[in-house]
1. Just the residues that are assigned to a loop (DSSP other than H, G, I, E, B), surrounded by fewer than 18 Cβ atoms within 10 Å (Cβ to Cβ) and modelled with pLDDT of 95 or more, please, taken from the stretch 117-149.
2. Quickly run through the stretch 126-147 and pick out the residues that are in contact (Cβ under 8 Å) with a residue 40 or more places away in the chain and closer than 19 Å to LEU62 by Cα.
3. Out of the residues in the stretch 68-99 that are surrounded by fewer than 16 Cβ atoms within 10 Å (Cβ to Cβ) and β-branched (Val, Ile, Thr), state the one that is nearest to the chain's Cα centre (by Cα).
4. What do you reckon, is ILE12 at negative phi, surrounded by fewer than 12 Cβ atoms within 10 Å (Cβ to Cβ), under 31 Å from the mean Cα position of the chain (by Cα) and at pLDDT below 95?
5. Can you give me the number of residues within the stretch 100-110 that are surrounded by fewer than 16 Cβ atoms within 10 Å (Cβ to Cβ) and touching an Asp or Glu at 6+ places or on another chain (Cβ under 9 Å)?
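The values are calculated or read from the model by the stated rules, or taken from the named source; none is laboratory data. In this text the structure is predicted, and so the values were computed from the model without any measurement. Reconstructed Cβ throughout: ideal geometry from the backbone, glycine too, with neighbour counts over all protein chains shown.
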Amino acid sequence: MSNFVNSKAGKISFFTVGLAAVFAVMFLVVTNSKITASLRSPKIYFKEEVHDFGKVPRGPELQYNFKFTNKGSALLIVDRVSTSCGCTGATVGDQKEYKKNESGEIKVNFSTQGRQGHQEKTITVFSNDPETPQKNLIIKCDVDETMEN
């Protein structure tokens, strides 16, 4: 056995086994730290990410509230919201910070004035959720100019 340990093949074998052990430990540490980090981070969860108003008349302003919950264990901060069109407005409200399991809503308004046919608008929510720092919500409808208000 001592001849094998002192031989070139023995040294290469021990080096290879040691190197494999080091990589295995590093893999476990990195994987565990990612899991731990994700458990200690905020997580924005929307019950619904797409809302279809269906067929609507031209003229009225449509409103819908997208409800969300912080499913993470760290404080969720909703920085801001933006919309894909000037005909759409969205607000978070006065509250910007949400503790674990605390809920909030994104209030969306869409003006059908001057619109016709299929409409689809995107609302982007910016937060400190590391997995989805930008979450897209969608509202859609079919504006029918022949319908009465």
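1. Applying the first criterion (assigned to a loop (DSSP other than H, G, I, E, B)) to the stretch 117-149 yields 128-133, 145-149.
After this cut, where a residue has to be surrounded by fewer than 18 Cβ atoms within 10 Å (Cβ to Cβ) as well, the list is 128, 130-133, 145-149.
Of everything in the stretch 117-149, those that are assigned to a loop (DSSP other than H, G, I, E, B), surrounded by fewer than 18 Cβ atoms within 10 Å (Cβ to Cβ) and modelled with pLDDT of 95 or more turn out to be ASN128, PRO130, GLU131, THR132, PRO133.
2. Within the stretch 126-147, ASN136, LEU137, ILE138, ILE139, LYS140, CYS141, ASP142, VAL143, ASP144, GLU145, MET147 qualify.
3. Quick first cut of the stretch 68-99, residues surrounded by fewer than 16 Cβ atoms within 10 Å (Cβ to Cβ) only: 71, 73, 75, 77, 79-80, 82, 84-86, 91, 93-97, 99.
If we keep only those that are β-branched (Val, Ile, Thr) as well, we get 77, 91.
On the way: ILE77: 12, THR91: 17 Å.
Selected residue: ILE77.
4. Numbers: at negative phi: yes; surrounded by fewer than 12 Cβ atoms within 10 Å (Cβ to Cβ): yes; under 31 Å from the mean Cα position of the chain (by Cα): no; at pLDDT below 95: yes.
In short, no.
5. Residues that pass the stated criteria total 1.
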